[in-house]
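As structure tokens, the structure follows; a few thoughts come after it.
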Amino acid sequence: MNISITTDFSGHTMAPEPQLRQIAEAGFTHLHWCHHYNTDFMYRPCEMGAMRRLVRELGLKVLDVHGSYGQEKRFWSLREYERQAGAELFKNRAELYCELEATGSLIMHLPYLQVDSSPESAAGQRREMEQALRTLDEVVPYLDNLGVPLALENMPGDTWELLDLALARYPQTGICYDCGHGNDDRFKHNEEMYRRRARLFALHLNDNDGKSDQHQSPFMGTVDWRRVAEIIADSPYDKPMSFEICMKATPFQHGPLTPYPSQTSEDQAAFLKDAHERCERFVKLYETTKQPRS
């Protein structure tokens, strides 16, 4: 089976060419484009074209594109001009998806309620969700015209309440299941995802210790990988396994956790070699789970 890895395994704001070359050398076949996933950066046509040519040159394929929720251009901002700018940023990532010839989904975060949200925080998140829905009303038809599938992501400690609102309102959208976000000691998500498995469009497979969002490679933390495999196997998902993993919180990272450290090429290569072996281990588990039971 083909395996996809996030482009930002060692940082998400620098030129991606060195990372993409190492990804190809490590044996990965597909990319989850995650550069600038939380910035206001707008890709221009010359940059999109250069990235498309580089991906082709390396023999890679783009699976998913992670859209940006932005900082000052945030599509759920209560400031109207920021919301409008966030809608343009949203559309920019859809255009990037098309230019990179992606075959999976455009993945977006939404406002969300945590299980331990205070009443004040919950009220604020609901106001932001109203703005997010306004933006989605504008952007979803644009995505439909482009033929870009939209996958909305679960978040750490997420009650799924606001995510369910969007899924009900836009039946053509699906879920990006981040099993690391779902591996939260406050509220584990596997069974929530299983109940909604028919809407599974995209995957962010990663591990952690159940206490923080570490984005480790599989089998480094406490994620129930067998149950994750069962959920995917019992869903319509039929694309490459996609791993949103990075060097932080692994033995291969040397230096401060934030901002993303500047790692040596040797450290990066060692991380990718280990990551590919761990990803293959999960793929084998999934394939065993997927086999028809006699």
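The values are calculated or read from the model by the stated rules, or taken from the named source; none is laboratory data. Values in this document were obtained by computation on a predicted structure and should not be read as measured data. Backbone-built Cβ (ideal geometry, glycine too); neighbour counts: all protein chains shown.
Descriptive notes on the structure:
- Selection from region 216-252 of residues that are assigned to a loop (DSSP other than H, G, I, E, B) and within 24 Å of residue 173 (Cβ to Cβ): 234, 235, 236, 237, 238, 239, 240, 244
- Flag for residue 89 being of a type outside the set (D, E, K, R), surrounded by 19 or more Cβ atoms within 10 Å (Cβ to Cβ), at pLDDT 95 or above and not in a loop (DSSP other than H, G, I, E, B): yes
- Where residue 162 falls short, out of the listed (1) farther than 17 Å from residue 66 by Cα; (2) among the hydrophobic types (A, V, I, L, M, F, W, C); (3) within 15 Å of the chain's Cα centre (by Cα): (3)
- Among the residues listed as 127, 52, 44, the single one being in contact with a Leu (Cβ under 6 Å, 6 or more places away or on another chain), over 23 Å from residue 199 (Cβ atoms) and of a type in the set (Lys, Arg): 52
- Region 164-194 - residue that is free of Cβ contacts under 8 Å to residues at least 60 places away in the same chain, in contact with a helix residue (DSSP H, G or I) (Cβ under 8 Å, 6 or more places away or on another chain) and not in a helix (DSSP H, G or I) and, of those, nearest to residue 282 (Cα to Cα): 177
- Any hit, region 272-289, residues being more than 24 Å from residue 28 (Cβ to Cβ), at pLDDT 95 or above and crowded, with 17+ Cβ neighbours inside 10 Å: no
- The lone exception for residue 163 - which of (1) hydrophobic (A, V, I, L, M, F, W, C); (2) more than 24 Å from residue 31 (Cα to Cα); (3) touching a His at 6+ places or on another chain (Cβ under 9 Å) it fails: (3)
- Qualifying residue in region 260-267 (condition: at pLDDT 90 or above, assigned to a helix (DSSP H, G or I) and not hydrophobic (A, V, I, L, M, F, W, C)): yes
- Pair list, Cβ < 6 Å and 6+ apart or interchain, from region 224-253 residues that are more than 21 Å from residue 198 (Cβ to Cβ) to residues that are of a type in the set (Gly, Ala, Ser): 245/217; 245/275; 247/10; 252/270
- All conditions but one from (1) β-branched (Val, Ile, Thr); (2) within 22 Å of residue 40 (Cα to Cα); (3) surrounded by fewer than 20 Cβ atoms within 10 Å (Cβ to Cβ) apply to residue 107; the one that does not is (3).
- Any pair with Cβ under 8 angstrom, 6 or more apart, that starts in region 53-78 at a residue that is surrounded by 21 or more Cβ atoms within 10 Å (Cβ to Cβ) and at pLDDT 95 or above and ends at one that is of a type in the set (Lys, Arg) and part of a loop (DSSP other than H, G, I, E, B): 63/239
- Figure legend. Inter-residue proximity from region 21-49: first residues more than 23 Å from residue 268 (Cα to Cα), second residues polar (S, T, N, Q) and surrounded by fewer than 17 Cβ atoms within 10 Å (Cβ to Cβ), beta-carbon distance below 6 Å, spacing 6+ or different chains. Indicated pairs: 40/71.
- Sole residue being over 23 Å from residue 39 (Cα atoms), polar (S, T, N, Q), in contact with a strand residue (DSSP E or B) (Cβ under 6 Å, 6 or more places away or on another chain) and modelled with pLDDT of 95 or more, chosen from 242, 235: 235
- Within region 24-35, the only residue that satisfies the criterion of being buried (at least 16 other Cβ atoms within 10 Å of the Cβ) and more than 18 Å from residue 101 (Cα to Cα) is 26.
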